[in-house]
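Worksheet: one structure, shown below.
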Amino acid sequence: MNDITSRLESGLRSAFRSAGGVGALYYSRSRTLEMKAFKGEIASFAESDEQWVSARVIDDRRMGSAYTERFDDESIERVALRARENARFAGSDPGNTLFAGDESGERGDYDGRRGSLDTVSIDGKKAMAIAAERAAKAYDARIVNVPYCYYAESDGAHAIASTYGVSKTQLTSSCMCYVMVIARDGEETQTGSEFVYAADPSTMDTEAVARTAAARAIEKLGAREIDSGTYRVVFDSRSASQLLGAFIASPGSPFYGETIQKRRSMLAGKLGTRIASDLFTVVDDPARGLSPAFFDGDGVATRALTLVDRGTFDAVVHTVYSAAREAGAKTTGHAKRGRERVTTGLHRPYLDNGDGSLDALLTQMGSGILITEVEGLHAGLNTVTGDFSLSAKGFLVEGGVRGAPVRNVVAAGNFFELASNVVAKAGDLRDDNRGGFDSPSVLVEAVSVSGR
């Protein structure tokens, strides 16, 4: 890892030998493997190895950027020089600055790998994928197809070096299995899916993943329509994670400083005020999960940040850029680095856990709807106003017992109203951050549901 930052630092020294301004180089490498099982054999197999170096240079509040996919000394120096040249033609912006270090230290090498991807051979991983497809088909005669059955893994290296002396590297790795099945009974067709992340393929039960996907498809057969109305609703941990994450962890999240500064957030001016129920506490913990983040795209050391504390809006999420544009603000270490852009993004956000099982939560609800899937997250919600209208699937609940599956349901409402109406949570929080946000199952007092 030290070799990476040494080469970045050397490139910076050469590029800034006789010129003003300050600069930073960010390195990213991702090696991936993906295979698909279909009809009892490996239908596709792909490996890739991608790396790039991105440069940013600041001169008199003007920023220039450039990137290269080559990682040799000449290319590293050249991309820094090109970014410095581009800065001459950029406009001035008070947010254009670089991280200059803090009390946590400016240098460090971090290994975030929680296991080894080499504990299972390539042939063993192929066998895991084939076994998953076989288990899905064997679950029930009504499983008629397994169109997606994937095993994939990746390991990455990220590094940053700047003229301020910042020099940091981190390693990450993880593997996953995804299975989607199709079930048919007469003319009715339903799908079911599941995926799971792991640090080590030897700990992954791909057949269990497949059986879960198959069970989800089978249990939806026989779905019926319901009357429109306002219902008590339990969002299970999967659908709650998807819905809440679509607002809290989206690129235009209302919690981001840059979004607030652009006047595209309903949270502008509401720091320290109540925006949700007492049961609503949202934390972003970079050390949580399988791929911890030790520093962000600016090189800032990461730390746990409470966004919402028992219903109170507790913190604005900032990068170096957005903090520099707001008097008294400081970066919270949430810069996400791409080849050409630096954006804001959360690391491992979650809604804190509750108590008890999902079944206990249904008992507490009594009668209502259990929603297990939401669809249309990209088109059916507005991150500015908080409004959403989403197709949903789930089950009727009567007397605290899950009953018939339902179809042609649309759940509508507002994120802030929903957060204020959370009245109970289960203790089934997932910790794999597989969709960018984790939540336990939640009981919401009133949700508008359109049916027949």
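Laboratory data are not the source of any read-out in this text; all were calculated from the coordinates shown. All figures in this text were calculated on a predicted structure; none of them were measured in a lab. Ideal geometry is used to build each Cβ from the backbone, glycine not excepted, and the neighbour counts take in all protein chains shown.
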- Query: What residue, of Leu418, Leu396, Leu370, Leu443, is part of a strand (DSSP E or B), of a type outside the set (Asp, Glu) and closer than 22 Å to Phe313 by Cα?
  - Reply: Leu443
- All positions within segment 403-452 that are of a type in the set (Asp, Glu), within 28 Å of Met266 (Cβ to Cβ) and under 20 Å from the mean Cα position of the chain (by Cα): Asp438
- Note on the structure: Here, strands (runs of 3 or more DSSP E) confined to segment 1-112 with at least 3 residues that are surrounded by fewer than 17 Cβ atoms within 10 Å (Cβ to Cβ) and hydrophobic (A, V, I, L, M, F, W, C) are 41-59
- Candidates Ala66, Ala132, Ala46, Ala100 - the one that is of a type in the set (A, V, I, L, M, F, W, C) and over 28 Å from Ala159 (Cβ atoms): Ala132
- Message: The conditions are (1) farther than 19 Å from Leu33 by Cβ; (2) touching a Pro at 6+ places or on another chain (Cβ under 8 Å); (3) among the small types (Gly, Ala, Ser), and Ala141 fails exactly one of them. Which is it?
- Response: (2)
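Let's see how each residue does on (1) touching a residue at least 12 places away in the same chain (Cβ under 8 Å); (2) surrounded by 19 or more Cβ atoms within 10 Å (Cβ to Cβ); (3) under 21 Å from Arg61 (Cα atoms):
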| residue | (1), (2), (3) |
| --- | --- |
| Asp314 | yes, no, no |
| Thr319 | yes, yes, yes |
| Ala323 | yes, yes, yes |
| Ala327 | no, no, yes |
| Gly333 | yes, yes, yes |
| Thr344 | yes, yes, yes |
| Tyr350 | yes, yes, no |
- Task: Specify the residue that is nearest to Tyr27 (Cα to Cα); the eligible residues are those in segment 65-109 that are among the polar types (S, T, N, Q) and under 28 Å from the mean Cα position of the chain (by Cα).
- Result: Thr68
- Output the residues belonging to segment 265-276 that are closer than 14 Å to Thr385 by Cα and either polar (S, T, N, Q) or surrounded by 16 or more Cβ atoms within 10 Å (Cβ to Cβ) (or both). Ser265, Met266, Leu267, Ile275
